[in-house]
Amino acid sequence: MDTILNSRKFKVVVQQRLELFCYLRASIKMDETSLEVVQASEMYPKQSFTADDGETAIPFTLLSGENPVFKGHSSYGVIVITNYRFYQSEGPYINIPLGLIDSVECREIIYLCIYCKDAQTFRCTFDNSDDIRKWLERIQSCIKMPEKIDQCFAFRFLSWTREEQKEAVMSQSAIQLEVLKDQPPDNTLREAQRMGFDLQHVWKISKINENYKFCPSYPRYIILPAIMNDPEIQDLANYRCSRRIPAVVWRHPRNGCVIARCSQPRLGILSWRNKYDEKLLDAIVSACTTDKEETRIKRPIANETDSDLSMSFDQDSIGVPEKKRLLIVDARSFTAAFSNRTKGGGYECASYYENCEVTYMNLVNIHYIRSSFAALRTLSSLTDDNNWLSTLENTKWLHYISALLRAALVVVDAVDVEERPVLVHCSDGWDRTPQIVALAEIMLDPYYRTKKGFQVLVEREWLEFGHKFADRCGNPGGVDDKNEKCPVFLQWLDCVYQLLKQFPCHFEFNEQYLTRLVLHTYSCLFGTFLCNTEEERKNHSVPLRTFSIWPVLHDKCQFHNYLYNFSTEVLDENLVRESDAFGSFCRHVCRTELGVILGKASSAELS
């Protein structure tokens, strides 16, 4: 009897230890800071491979973590689909990431038409209808959005790279990842210091959103007038859509005027108001007046509160000029802003904001831009060059590009010439707002026309302030809703291209830099543009588990503009013309004979 009991006890102990072992092993896998312990082959196993002809040789070099899924033949050459790209050897040559493919359709029962998110269109011709249906199903299954974001190829790419090239890559990526972990607080402080913000008396870097609970779509640290305290900021947040309060992002080095951004106020049909929102805008104007270079004086550092400090300056006694009115640049039309009142939104009422002036830019929303882009993309399949320019005009793409440039010039003129602060917003503050603000900052600040500065600009205005890349680009982690898709970032890059062509000596990077950035906005090879917000990227450990696109763009000489001559001057607004049809960025992108993004790029160049 004792022997039986001891045997049972032994089995129980063994079972408990086995369960503990399994638990610890699972914990190691789930610990995102220790994912390197788990082998890539275990986390991301290779998929099954189907070769129609039985020949498994692949006509290109595979990336780390990339494995073939399907192989066959079209009417002109070899076709291969991997877990990262679609490849056709001839007629035409195609080598594009799966993430770049927007949709695929069967046309005239003889070919497949592949529509890409960067305005390219490709045709694949087959010998019979059965092959067309088979490859249509294959492509559609491979471009289907994964259920979980960590199934995106960017995660697999880093994991397999670590395993296959530990000694060569591990040390380099470890340094890079360490930098990424420290970027959010450092970037805000570094930029504030570079632009000359007086963080001792006039401005402050607020930590109210340090845990992302205040506003999930905002960065952890935002620049605000020092006079505003946290309870006031919490109160006014409810008055701005999605709690996206006015946050300062740029300061003029000479006159101290700033550019701020936010979402629309919740005016509503009952004309609501918020005294702290009004106080914040007035505080921005006052801070700009106090923080002008020629009016900076030795300020008292006694144990004064923010309110006492704000009252300790008398404008007449120190010769501070009279405050200028804040210019509120609303990206919408007045009609659109007014109609938003029925949805709980609205605009800044003149009677509430006495020291402000509102101007409307009449920029269309994402639905118009999406339709325009769809029409633009059809141009890539046109064979008649005689009607190409007239058809391009009918898409209104260039018209919308010109409208964006004009809106940015309004901001530049207000800040640099009229010397008045500017607040920019649209409805939500994550589409048209970053377009205008980032364009204006490029024109005003030569630092943002360098490679490093351009990275800082994109990271702040687009990534940290919550442009919804996953939703707008159709990347993993976004909503599967066509109404949410729109090439907002691509449209902005087209505007940057216009400035690059008109001021060829003022930019450190060239056209290839922009086209490669477009490619990897959608490719899912890098984690830079995954997710909708900075909080989501942090929760999924994207900076730790994926590579960044920026080192690739900075290191390669092919992206350097050899005409570049650093200058501190503001881009002359009188020279900024409307979009030139013959120099349109999208013409170079969508016309294969004028230069495709990839061309016949090697597999190595895809990274």
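Show me the strands (runs of 3 or more DSSP E) entirely contained within segment 113-232 in which 2 or more residues are within 21 Å of the chain's Cα centre (by Cα) and either modelled with pLDDT of 90 or more or not acidic (Asp, Glu) (or both). Counting at least 2 such residues, we get 222-225.
Residue-by-condition table, conditions (1) at pLDDT below 95; (2) closer than 30 Å to residue 239 by Cβ:
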site	(1), (2)
432	no, yes
443	no, no
447	no, no
472	no, yes
478	yes, yes
488	no, yes
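Of all residues in segment 47-59, those satisfying the criterion of being surrounded by fewer than 17 Cβ atoms within 10 Å (Cβ to Cβ) and part of a loop (DSSP other than H, G, I, E, B) are 47, 48, 49, 52, 53, 54, 55, 56, 57, 59.
Please tell me if residue 402 is in contact (Cβ under 8 Å) with a residue 12 or more places away in the chain, part of a loop (DSSP other than H, G, I, E, B) and out of contact with any His (no Cβ under 6 Å at 6 or more places or on another chain). So residue 402 does not fit the description; no. For segment 405-433, filtered to residues that are outside any helix (DSSP H, G or I) and among the small types (Gly, Ala, Ser), the residue that is surrounded by the most Cβ atoms within 10 Å (Cβ to Cβ) is 429. Apart from one condition, residue 301 fits all of (1) β-branched (Val, Ile, Thr); (2) exposed (fewer than 12 other Cβ atoms within 10 Å of the Cβ); (3) at pLDDT below 95; (4) in the same structural domain as residue 434 (by the TED database); the exception is (4). I'm trying to understand the selection: among the residues of segment 102-111, which are among the aliphatic types (A, V, I, L, M) and within 31 Å of the chain's Cα centre (by Cα)? The one that is among the aliphatic types (A, V, I, L, M) and within 31 Å of the chain's Cα centre (by Cα): 104. Among the helices (runs of 4 or more DSSP H) confined to segment 455-553, the ones with at least 2 residues that are in the same structural domain as residue 220 (by the TED database) and among the aliphatic types (A, V, I, L, M) are located at 488-502, 511-522, 542-545. Please indicate, with yes or no, whether at least one residue in segment 67-77 is of a type in the set (Phe, Trp, Tyr), modelled with pLDDT of 95 or more and part of a strand (DSSP E or B). There is at least one residue in segment 67-77 that is of a type in the set (Phe, Trp, Tyr), modelled with pLDDT of 95 or more and part of a strand (DSSP E or B). Quick one: would you say residue 293 is under 29 Å from residue 460 (Cβ atoms) and either modelled with pLDDT under 95 or loosely packed, with under 11 Cβ neighbours inside 10 Å (or both)? Spelling it out, residue 293 is indeed under 29 Å from residue 460 (Cβ atoms) and either modelled with pLDDT under 95 or loosely packed, with under 11 Cβ neighbours inside 10 Å (or both). When every residue of segment 434-444 is checked against the conditions, none turns out to be part of a loop (DSSP other than H, G, I, E, B) and in contact (Cβ under 8 Å) with a residue 40 or more places away in the chain. Somewhere in segment 338-360, is a residue touching a Phe, Trp or Tyr at 6+ places or on another chain (Cβ under 7 Å), modelled with pLDDT of 80 or more, over 23 Å from residue 431 (Cα atoms) and surrounded by 19 or more Cβ atoms within 10 Å (Cβ to Cβ)? No, segment 338-360 contains no residue that is touching a Phe, Trp or Tyr at 6+ places or on another chain (Cβ under 7 Å), modelled with pLDDT of 80 or more, over 23 Å from residue 431 (Cα atoms) and surrounded by 19 or more Cβ atoms within 10 Å (Cβ to Cβ). Against the definition (surrounded by 24 or more Cβ atoms within 10 Å (Cβ to Cβ) and touching a strand residue (DSSP E or B) at 6+ places or on another chain (Cβ under 7 Å)), how does residue 454 come out, yes or no? So residue 454 passes the test.
Within segment 337-359, the set of residues being without any contact (Cβ under 8 Å) to a residue 40 or more places away in the chain and more than 24 Å from residue 283 (Cβ to Cβ) comprises 338, 339, 343. When the test is whether a residue is of a type in the set (Phe, Trp, Tyr) and surrounded by fewer than 20 Cβ atoms within 10 Å (Cβ to Cβ), residue 497 does not pass it. Is there a residue in segment 260-267 that is in contact (Cβ under 8 Å) with a residue 24 or more places away in the chain, assigned to a helix (DSSP H, G or I) and within 21 Å of residue 464 (Cβ to Cβ)? No: segment 260-267 contains no residue that is in contact (Cβ under 8 Å) with a residue 24 or more places away in the chain, assigned to a helix (DSSP H, G or I) and within 21 Å of residue 464 (Cβ to Cβ). Could you tell me whether segment 244-254 includes any residue that is under 22 Å from residue 440 (Cα atoms), surrounded by fewer than 20 Cβ atoms within 10 Å (Cβ to Cβ) and assigned by the TED database to the domain that holds residue 534? So far as segment 244-254 goes, yes, one or more of its residues are under 22 Å from residue 440 (Cα atoms), surrounded by fewer than 20 Cβ atoms within 10 Å (Cβ to Cβ) and assigned by the TED database to the domain that holds residue 534. Could you please find all residues in segment 186-225 being among the aliphatic types (A, V, I, L, M), within 26 Å of residue 266 (Cα to Cα) and surrounded by 19 or more Cβ atoms within 10 Å (Cβ to Cβ)? 208, 222, 223, 224 - these are the residues of segment 186-225 that are among the aliphatic types (A, V, I, L, M), within 26 Å of residue 266 (Cα to Cα) and surrounded by 19 or more Cβ atoms within 10 Å (Cβ to Cβ). You will find that of 327, 281, 309, the residue that is in a helix (DSSP H, G or I) and at pLDDT 95 or above is 281 and no other.
Looking at 139, 114, 101, just one residue is assigned by the TED database to the domain that holds residue 65 and over 21 Å from residue 370 (Cβ atoms), and that residue is 139.
Scanning segment 255-282 for residues that are buried (at least 19 other Cβ atoms within 10 Å of the Cβ), over 22 Å from the mean Cα position of the chain (by Cα) and of a type in the set (Lys, Arg) returns a single hit, 266. For the structure I just gave you, tell me whether residue 483 is within 15 Å of residue 117 (Cα to Cα), crowded, with 23+ Cβ neighbours inside 10 Å and either at pLDDT below 95 or out of contact with any helix residue (DSSP H, G or I) (no Cβ under 9 Å at 6 or more places or on another chain) (or both). So residue 483 does not fit the description; no.
The values are calculated or read from the model by the stated rules, or taken from the named source; none is laboratory data. In this text, all values refer to a predicted model and were calculated from it rather than measured experimentally. So basically every Cβ, Gly included, is an ideal-geometry build from the backbone, and we count neighbours across all protein chains shown.
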